[in-house]
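One structure is given here, and the rest of the page talks about it.
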Amino acid sequence: FAEGEVLNENDSTTEYEGYYEDILKVDISSKLWDDQIHSFLISKNWTDIFIFQFIMDTWRQTSKSLTKNAEPEDLGLSFSKHEFTKSTDNVLRVEMLPNQKVAYKGKRFSTNQWGMRDKEYEKIPPQNTIRIALLGGSPTMGSGVHDEEVFEALTEKKLNDSFGNDSLQLEILNFAIGSGAQTFQLAYLLEQKVVEFQPDYVILVDHFSKERIMFNKIKQILRDDKTIYPEFEQILQSQGITKDATITPEKMVESENFIKEWSIYHFAGVCKKNNIQPILAYYPSLGPASNLRKYKLTLQEAGFRIMDLESAFDGYSKKELHVSAHDRHPNALAHQLLSDKLYEELAEYLRLK
């Protein structure tokens, strides 16, 4: 940053969506964050020092975990997200390792045999079971809350408590991954992994944040020479997007819109091919601004059932729903509110079916 430059909205957005995750792999000395450094930042009019406070908060949490002074209820040995994920050579970039039990952000974080942050499920659904797959990014994965506090787990329990019996069980499998996963990446995940679990419904959670985040993700994939599946590679080529291409801001906006709409139709196409009903669950991001209206018609034309969860947060400020002052992911209260609303939407929809 130049002297006096502040972090703008896009910087905060990309941090929330996982764009800065790679820089958090390194250890940071506490000496860096003494009062003199803090005073220096303030003196330079860096009125939004969110990123730096976030890194400081991360270092403190890491130090706490490594010195075994984590919360008593923590299960694990690790703080760093990168210790329970692995890099992939495809557009996902990362995936979670199976059978992990760690402390992530001071919270219990477990994965099952399939690498989901969820309880164990058989690959083939049992008889008399309605199976729902849930796909999204780090807020849906439950970054910053305990396993049992994730809204997916809460919703599944409520549905079975209300409607489950010897002849009907409901399952929600959480395939969400972090790192600011975009729709084109989740479509790949759906096609390569999720369909094997034979869900009846797939819920795509999307906050419709600024499309620039999606373009940043594409640049990361190209920069790292990740394998791009053929359909998506054709789309990028048609838009003139290559590793070495210089893209103007105007071209970026045009390409972002085209890619987003293609991703929605492609996701729905995979569902149709596998006899799965796609559902779009929307709730406003607690970080950057959201924009559902822009793609609502596209979603409907593609065959998505839209479940608008925006009212779940009515009466609460964003600060009340953040994991911390430096982490804009939804906290346990926010997950509880989302679960209440999603339960209502699913209960009504499944009764209709």
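Could you please let me know if Leu342 is at pLDDT 90 or above, touching a strand residue (DSSP E or B) at 6+ places or on another chain (Cβ under 8 Å), closer than 21 Å to Leu190 by Cβ and of a type outside the set (Ser, Thr, Tyr)? Answer is yes for this residue.
Yes or no, residue by residue, for (1) farther than 19 Å from Gly144 by Cα; (2) open to solvent by 20 Å² or more (accessible area, probe 1.4 Å):
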| residue | (1), (2) |
| --- | --- |
| Tyr265 | yes, yes |
| Ala268 | yes, no |
| Asn275 | yes, yes |
| Tyr295 | yes, no |
| Glu320 | no, yes |
| Asn331 | no, yes |
| Tyr343 | yes, yes |
| Leu346 | yes, no |
| Tyr349 | yes, no |
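Candidates Asn291, Asn275: the one that is more than 20 Å from the chain's Cα centre (by Cα) and not in a helix (DSSP H, G or I) is Asn275. Just one of (1) farther than 22 Å from Leu190 by Cα; (2) modelled with pLDDT under 95; (3) in contact with a His (Cβ under 9 Å, 6 or more places away or on another chain) fails for Asn331. It is (2).
For the range 208-254, a residue qualifies if it is open to solvent by less than 30 Å² (accessible area, probe 1.4 Å), part of a helix (DSSP H, G or I) and within 25 Å of Ile279 (Cα to Cα), and the qualifying residues are Ile213, Met214, Phe215, Lys217, Ile218, Phe232, Ile235. Within the range 294-314, track down each residue that is at pLDDT 95 or above and part of a loop (DSSP other than H, G, I, E, B). The answer is Gly303, Phe304.
Taken over the range 185-201, the residue count meeting the criterion of being under 18 Å from the mean Cα position of the chain (by Cα) and not in a helix (DSSP H, G or I) is 1.
The values are calculated or read from the model by the stated rules, or taken from the named source; none is laboratory data. As the structure is a prediction and not an experimental result, all values here were calculated from the model. So basically every Cβ, Gly included, is an ideal-geometry build from the backbone, and we count neighbours across all protein chains shown. These area figures cover heavy atoms from the full protein model, side chains too; ligands, DNA and RNA do not enter into them. Shrake-Rupley method; radii C 1.70, N 1.55, O 1.52, S 1.80 Å.
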